[in-house]
Amino acid sequence: MENEKQTIQRAIQGDEAAMRSLWSRHAPHVDAVVRRLVGNDLDLAADIAQEVWIQIFRALPQYRGDSQFGTWAHRIAVNRTLNALRKTRRLAKIETDVEEDTAMVEPEPERALVMETIQNAATKLSPGARAVFMLHDVEGYTHEEIAERLGITSGGSKSQLFKARAKLRTLLAHLVDTPLRKDVKHVAPVF
Amino acid sequence: MSHLSFERLAALADEQPTSEENTHLTQCADCAREREAHRSLLTMAGTERDALGLPLTRWDSLSARLREEGLMAGSGKHEAGRGSRLPLGASHWMLQVAAALLLVAGGVALGRKSTGATVLPGITDGARAGQSANVRGGAPDSLPTTFASLDEATRWKNFYSEGYQRALAFLAQNDSAGQPAGTPAVMKTRLAALDKVTKMMQEALSDAPSDPVINDFYLNSFGQREATLRQLNNALPQNVRLNSF
């Protein structure tokens, strides 16, 4: 049975079966990355996912095999998606975006049941906050890496992450906690 | 110490508390519970990485783009030396040429037949015997069960393909099953149907650009369409000509 290295070599030559094989194996993960970063705009996500794959095959001759193909493709997916989001200006005002969007969250108990997954809940974050949260808590990027990719400081990345977590914690309260005591006042109450 | 801020509790999902914060967490059930909620959230986020959803990409549209970009064989960049493929999009003219050649070959074959010569130049004796068997109405009894070479197999395939096309043309001209034979209305109906078939075959060719059967079907339907268009032009008044339908 052909290994992935051989498949990649054939794909570099433009062999359709090899290219399709790589796509079949890795598209679910690439698509998932794109969808997480883009949010609930599926049309945009589909456009970006296609561009990601074009870029993967364009860059394939430069793939040295230092990392797993999936890891390499994943990195391209993240970078390409962030670039695309930046082009659509969805990440243009990332700092103010988060400040405005995550400071206060109105409890929506009737909607909480619908928002069963982190991915669904994350669509309620601003694009910038979602990107930081997804990159750090889901994809495992460091704040320094996020800062570099998003053009912000690592401190800014941290700040946005904590605000994003705080909002998600509220949105996903039905999944992660026991209710807060109403008589307890925190220093910086969110509710 | 006051309660920890919500954002600080969010940070403590994966950061270590200071000694002061730690003391508070051991004494404050609410803050401890909040920290646990954030830790749970972080764990959930970690598992989210493996969560998959409906696919965003489709191979047919992606492969079409890859061909356009010259990244996939079958497009201009990779075509040299990879002759087994008959691409569609970028090489539509090739198909037209192929279809035209098919028609010309059919015409030449008809002409040769009318003069008593063999239909295909260079065809084997067996093929001639097969043809005469066909003319007699029986099955060709000399078609070899195996072929000595790709060339021989290709000649036989072309021989029967052309025969099939001529037979179809003859039937279309003479057996209209009760409809007026060769009227423009019949031909237009056929053209419309052939347009649908050709379109379907184009889509099939996008999925399987190298498949010889699909390529043959496409060429046949394309050739039939051109032949019908030509018949229609012959049937129309002399001052009316159709170049497309």
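The values are calculated or read from the model by the stated rules, or taken from the named source; none is laboratory data. Keep in mind it's a predicted model, so treat the numbers as computed, not measured. Glycine also receives a Cβ, built like all others from the backbone with ideal geometry; neighbour counts cover every protein chain displayed. Each accessible area value is taken on the protein alone, full model and side chains, heavy atoms only, with ligands, DNA and RNA left out. Shrake-Rupley method; radii C 1.70, N 1.55, O 1.52, S 1.80 Å.
Some points to look at:
- Residue list for segment A:25-48, filter: without any contact (Cβ under 8 Å) to a residue 24 or more places away in the chain and at the interface with another protein chain (Cβ under 8 Å from one of its Cβ atoms): A:Pro28, A:Asp31, A:Ala32, A:Leu42, A:Ala45, A:Ala46
- Per-region count, segment A:41-68, residues outside any helix (DSSP H, G or I) and under 18 Å from A:Lys87 (Cβ atoms): 1
- Hey, A:Leu82 more than 14 Å from every other protein chain (Cβ to nearest Cβ), at pLDDT 90 or above and open to solvent by less than 10 Å² (accessible area, probe 1.4 Å) or not: yes
- Residue pairs meeting the criteria (Cβ under 7 Å; at least 6 apart or on separate chains; first more than 26 Å from A:Val138 (Cα to Cα), in segment B:1-28; second among the acidic types (Asp, Glu) and open to solvent by 70 Å² or more (accessible area, probe 1.4 Å)): B:Met1/B:Glu20
- Scope segment A:133-144; condition under 13 Å from A:Leu168 (Cα atoms) and either among the charged types (D, E, K, R) or away from every other protein chain (no Cβ under 12 Å) (or both); matching residues: A:Asp137
- Some residue of segment B:11-27 being more than 9 Å from chain A (Cβ to nearest Cβ), surrounded by 15 or more Cβ atoms within 10 Å (Cβ to Cβ) and of a type in the set (A, V, I, L, M, F, W, C): yes
- Of note, B:Arg65 does not satisfy the criterion of being within 52 Å of the chain's Cα centre (by Cα), within 9 Å of chain A (Cβ to nearest Cβ) and modelled with pLDDT under 85.
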